[in-house]
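These notes are about the structure you will find just below.
Derivation of every value follows stated rules applied to the coordinates shown; laboratory data play no part. Everything numeric here is computed off the predicted structure, so don't read it as measured data. Ideal geometry is used to build each Cβ from the backbone, glycine not excepted, and the neighbour counts take in all protein chains shown.
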Amino acid sequence: MKVRKAVIPAAGLGTRFLPATKALAKEMLPIIDKPTIQYIVEEAKKSGIEDILVVTGKGKRPIEDHFDSVPELEQNLKDKGKTELLKLVEQTTDINLYFIRQSHPRGLGDAVLMAKDFVGDEPFVVMLGDDIMKDKVPLTKQLMDRYDDTHASTLAVMKVPHQEVNKYGVIDPAAQTKPGLYDVKRFVEKPAVDKAPSDLAIIGRYLLTPEIFSMLETQKPGAGNEIQLTDAIDRLNKIQRVFAHEFKGDRFDVGYKFGYLKTSIEFGLRHPEVKDDLSAYIKELSKKLK
Ligand code: G1P
């Protein structure tokens, strides 16, 4: 069956960016000129996803507004002949988005469970907003290509420095069935550094079969006393195979301050409008601060 649907959990409080996220949804923090969630939506679109459900919560309405049309603004840009800007604005509405509110967030697993009716009986992808991925083939498409082959759930993983494994879901890999595609013995959420079964961390892109929902419905709270998606996937792996696909592209973690800054600088150094000025400025500044 074709993978057509994506779920983007976006109910988190954004405590790592306070006070900026007191009244502003963290998914709306921009990297140069685009909110972070737009990068995720663009990856979905480029991968051939047709329908996206965003799981939101309090204070997240600006996300809906961002992907809606603004006739006055569009008319104004048309009248002034600003066709490039008009194109950028129009592109944001060129996708089917649905929204559901999670009133009592109880963890990532719980957020994904909100998508049960939207997903129905189809395989689907979950895309977390804290990671922006870059590769020739978008990571979501890479997972979809694996699915065409295996018809099984597949998670994206990436090697991370060993002392950071406790921030992630981590896999206990078995043999590689194909280059870069692992059979998995166990999925562990936020293991202690000395107990982690490997350095292969789950990085926020999941392709899941609909059987995950019956696991989530009966999932007990795990790490941080939250309903963990990783725990439900570990149980799913006991009744049907779940694979891990190793991502070799670039991952930009915008979920913490330094990662957000690094991403802004790197994207700035690639952005046609500001790259030359930014590069000259960084050189000048590092001379001045020496
Ligand atoms: C979530 C998942 C974790 C995964 C991580 C990737 O954790 O629970 O398994 O490794 O995203 O970013 P969070 O970052 O929400 O704590």
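What to note about this one:
- Counting only residues at least eight positions apart within a chain, or on another chain, the lysines with an alpha carbon under 26 Å from that of Lys287 are Lys257, Lys262, Lys275.
- Under 5 Å, built H, 5+ apart or other chain: amide partners of Val242: Val184
- Pairs exceeding 31 Å between alpha-carbon atoms, taken from Lys185/Lys248; Lys5/Lys60; Lys87/Lys134; Lys82/Lys134; Lys58/Lys159: Lys58/Lys159.
- Under the Karplus curve 6.51 cos²θ - 1.76 cosθ + 1.60, θ = phi - 60°, whole-Hz ³J(HN,Hα) for the range 79-88, x wherever Gly or Pro sits: 4, 8, x, 8, 5, 5, 5, 4, 4, 4
- Amide H partners (placed H, <5 Å) of Phe99, local residues excluded: Val54
- What the phi angles of the range 152-160 give under the Karplus curve with 6.51, -1.76 and 1.60, with θ = phi - 60°, is a coupling list of 10, 4, 9, 10, 8, 10, 8, 5, 10 Hz, glycine and proline written as x.
- Local net charge near Gln38, Cβ-Cβ under 15 Å (Lys/Arg +1, Asp/Glu -1): -4
- Kirkwood Rh (inverse of mean 1/r, distinct Cα pairs), the range 106-262, angstrom: 15.7 Å
- Area projected by the alpha carbon convex hull of the range 58-196, averaged over all directions, nm²: 12.3 nm²
- Amide H to amide H, with H built 1.01 Å from N, Gly48 comes under 5 Å of no residue 5 or more places away or on another chain.
- Only the Cβ atoms of Lys and Arg (+1) and of Asp and Glu (-1) were treated as charged; on that basis the dipole of the chain about its Cα centre amounts to roughly 820 debye.
- For the chain, relative contact order (Cα pairs under 8 Å, six or more residues apart, normalised by length) works out to 21 percent.
- Protection proxy ranking of 276-287, 105-116 - average other beta-carbon atoms within 10 Å, highest first: 105-116, 276-287
- Inter-probe distance in nm under a simple model that places probes 7 Å from Cα toward Cβ, at Lys159 and Leu269: 2.3 nm
- The C-alpha atoms of the range 68-131 occupy a region whose extents along the principal axes are 47, 26, 23 Å, arranged from largest to smallest.
- Using every pair of distinct Cα positions in the chain, the Kirkwood expression returns a hydrodynamic radius of 20.2 angstrom.
- Shown in residue order for the range 196-209 are the 3J(HN,Hα) couplings computed by the Karplus curve 6.51 cos²θ - 1.76 cosθ + 1.60 at θ = phi - 60°: 5, x, 6, 9, 8, 9, 6, 10, x, 9, 10, 10, 10, 7 Hz (x for Gly and Pro).
- Of the beta bridges in the chain, as assigned by DSSP with both residues counted there, near 60 percent are antiparallel.
- Among the chymotrypsin sites (Phe, Trp or Tyr not before Pro) within the range 188-258, those in coil by DSSP and having at most 16 neighbouring Cβ atoms inside 10 Å are Tyr256.
- For the range 107-149, pairs of C-alpha atoms spaced more than 17 angstrom apart make up 46 percent of the total.
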